[in-house]
Structures are given as structure tokens and as C-alpha cells.
1. If you go through the range A:19-61 one residue at a time, how many are among the charged types (D, E, K, R), at pLDDT 80 or above and either farther than 28 Å from residue A:145 by Cα or surrounded by 12 or more Cβ atoms within 10 Å (Cβ to Cβ) (or both)?
2. Just the residues that are β-branched (Val, Ile, Thr) and in contact (Cβ under 8 Å) with a residue 24 or more places away in the chain, please, taken from the range A:73-108.
3. Quick check, is residue B:65 under 18 Å from the mean Cα position of the chain (by Cα), surrounded by 10 or more Cβ atoms within 10 Å (Cβ to Cβ), of a type in the set (Ser, Thr, Tyr) and away from chain A (no Cβ under 13 Å)?
4. Regarding residue A:107, is this residue outside any strand (DSSP E or B) and either out of contact with any Phe, Trp or Tyr (no Cβ under 8 Å at 6 or more places or on another chain) or more than 10 Å from every other protein chain (Cβ to nearest Cβ) (or both)?
5. Scan the range A:110-132 for residues that are out of contact with any strand residue (DSSP E or B) (no Cβ under 7 Å at 6 or more places or on another chain) and in a loop (DSSP other than H, G, I, E, B) and jot them down.
6. Are any residues in the range A:153-177 of a type in the set (A, V, I, L, M, F, W, C), facing chain B (nearest Cβ under 7 Å) and closer than 27 Å to residue A:91 by Cβ, and if so, which ones?
7. Kindly check whether there is at least one residue in the range A:145-164 that is under 17 Å from residue A:112 (Cβ atoms), outside the structural domain of residue A:81 (by the TED database) and either charged (D, E, K, R) or outside any loop (DSSP other than H, G, I, E, B) (or both).
Amino acid sequence: MFRQASRLLARTTTPWRRSRAFSSDVPATPAQDSSFIESWSKVIPNLDPPKTPSSFMTPRPATPSAIPSKLTVNFVLPYASELSAKEVDMVIVPATTGQMGVLPGHVPTIAELKPGILSVHEGNDVTKYFLSSGFALIHANSVADIIAVEAVPVDRLDPALVQKGLADFTQKLGSATTDLEKAEAQIGVDVHSAMNSAITG
Amino acid sequence: MASNAAVPFWRAAGMTYITYSNICANLVRNCLKEPYKTEALSREKVHFSISKWTDGKPEKPTIRSDSPEE
């Protein structure tokens, strides 16, 4: 009877632990596919198992139990990777719901971005890029993936062209007839006024 | 179930997100200062050839590209 006592005691302490994990707790991805390797070694024990695609990928970092001190940012464009696993203190992304500051330990979020300025804060340095549109994915392990179609440093925008574009599209918005034309003109006005405030602000 | 989610104006006008995103990117590229603007526009040039098929055989391909002179 006493042999079971330790097992019974251990069982009564389990109810305070979560019986189901949160869906946002992401485990670290293993560097090897363990179930494949087990079944391979049962069938063909003499040969080494081949590498699977998951062993070529860098594994996803695990969600740490304490909030990390730095945010890891991956900022990518279709033609280039601007920032790749860079450790920063904070980024401010232009989400459709407003400027959103992301610090390490931010809740996992998927945010659609509007045309605006992305600023990356590292110590005392701030780097600003103007994004055309895109998405920001913030994961539980303090990794932020920011993807945009076009991103340029603000000093590469030409103020004269921006003003001209703004005037053109404001005029097109006034004279647009179909829904599609109105939408295109509205997009033009939005993007150009965002560029304008990026240059002046 | 009526769509009571606030749809963005471009989706209400029948445009998809990709179209919207590409239009925004083109507008930004057109407002760049000079050396960057030509780099960006040359990077985004598209050049492809299409051949239509009839009766299981391809016809002569046509070459299409962004710039009209080719």
C-alpha cells in the first residue's frame, strides 16, 4: 500500500498545472524529424537516415519563459532581405489601426500595414523606412517578421513628385465615376499623403 | 450571415489585396529620386512570351513585356 503512496501523492499535485497548452505557445521546432528517424531505423537499421527538409531549416526558437531583452526582427521585401534576425529594442510599425510599437514580449499579433513609416530603434539609433503596404507578424518568442512589397529610406522620396502625385490623385478622386476608379484614386491620395507626412514629419 | 465586418474601401470596390498592394508599391516607386527610381523600375520589368494552343499544338509565341518598344 505504501508503494503506491508516492504515486498518489504525485497525482494530487498535478491539478494546478494547465492540462492543455495555450494555442499561442509554440514549441521549438526540432532540427530533425524524430518519428521519421524512428520508423527508418526499425525498417533499415544499417543505413543512416536521409536528411529531411526540416533538418535543413534553422529551427524556430522556443518561447522563452522569461521575457527576452531584445526583439529579433526579420524585415523582408520580395527582392531583398533588409534585416535578417537583427536584435533591436523596439520597432514601430504602421498598422491599419495606427502606429503600433512592438517591444520584446509583445503578444502574438498579425497586423496588416498601411503605407507609412517603419522605425527600428536600437539603442540610440533610429532607422526609418517608408513601407508601401504589407504585414507584420509578431510571434510569442519575440520574433517579429515584417514583410512589405516596397520599402525605401525616407530620404529617397522626391518631394516634388509626391506633391504632384497628391494633386493629380485628389483631382482624379473628384472626377471619378465608377467604384473602381474611386478606389484607385483614393488609394493614390492615401499613399501620397502618407509619403508627404513621412517627408515633412 | 450578413457581412457586418467593416471591409476596406478597395475590397468593397471589388479589388483584391494583391492588386491594392501592387498599386501602392507602384505609386511609391514612381515617387523615388532619380538613381533609385530607374533601378526600381528596371527591377520590376516583366518580360514573357505567350503561346496559345489550338488542337493540341502550340501556335507561334508572342513576346509581351511592360515597355511597348520591345
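1. Filtering the range A:19-61 down to residues among the charged types (D, E, K, R) leaves A:20, A:25, A:33, A:38, A:42, A:48, A:51, A:60.
Add one more test, that the residue is at pLDDT 80 or above, and what stays is A:38, A:42, A:48, A:51.
Retained after the next criterion (residues that are either farther than 28 Å from residue A:145 by Cα or surrounded by 12 or more Cβ atoms within 10 Å (Cβ to Cβ) (or both)): A:38, A:42, A:48.
Selection size over the range A:19-61: 3.
2. Within the range A:73-108, the subset β-branched (Val, Ile, Thr) is A:73, A:76, A:88, A:91-93, A:96-97, A:102, A:107.
A:73, A:76, A:88, A:91, A:92, A:93, A:102, A:107, listed by residue number.
3. Details: under 18 Å from the mean Cα position of the chain (by Cα): yes; surrounded by 10 or more Cβ atoms within 10 Å (Cβ to Cβ): yes; of a type in the set (Ser, Thr, Tyr): yes; away from chain A (no Cβ under 13 Å): yes.
It is true that residue B:65 is under 18 Å from the mean Cα position of the chain (by Cα), surrounded by 10 or more Cβ atoms within 10 Å (Cβ to Cβ), of a type in the set (Ser, Thr, Tyr) and away from chain A (no Cβ under 13 Å).
4. On the way: outside any strand (DSSP E or B): yes; either out of contact with any Phe, Trp or Tyr (no Cβ under 8 Å at 6 or more places or on another chain) or more than 10 Å from every other protein chain (Cβ to nearest Cβ) (or both): yes.
When the stated conditions are applied, residue A:107 passes them.
5. Here is the first cut: in the range A:110-132, the ones out of contact with any strand residue (DSSP E or B) (no Cβ under 7 Å at 6 or more places or on another chain) are A:123-125.
Correct list: A:123, A:124.
6. Of the range A:153-177, the ones of a type in the set (A, V, I, L, M, F, W, C) are A:154, A:157, A:160-162, A:166-167, A:169, A:173, A:176.
Subset that is facing chain B (nearest Cβ under 7 Å): A:157, A:161-162.
Listed by number, the residues that qualify are A:157, A:162.
7. Going through the range A:145-164, the residues under 17 Å from residue A:112 (Cβ atoms) turn out to be A:145-151.
With the extra rule that they be outside the structural domain of residue A:81 (by the TED database), the set shrinks to none.
Looking through the range A:145-164, none of the residues is under 17 Å from residue A:112 (Cβ atoms), outside the structural domain of residue A:81 (by the TED database) and either charged (D, E, K, R) or outside any loop (DSSP other than H, G, I, E, B) (or both).
To keep it simple, each residue is scored yes or no on (1) facing chain B (nearest Cβ under 7 Å); (2) in contact with a strand residue (DSSP E or B) (Cβ under 7 Å, 6 or more places away or on another chain).
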position: A:148; (1), (2): no, yes
position: A:151; (1), (2): no, yes
position: A:179; (1), (2): yes, no
position: A:189; (1), (2): no, no
position: A:197; (1), (2): no, no
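The values are calculated or read from the model by the stated rules, or taken from the named source; none is laboratory data. Because the structure is a prediction, the values reported are computed rather than measured. Note that we place each Cβ from the backbone using ideal geometry, even for glycine, and neighbour counts take in every protein chain shown.
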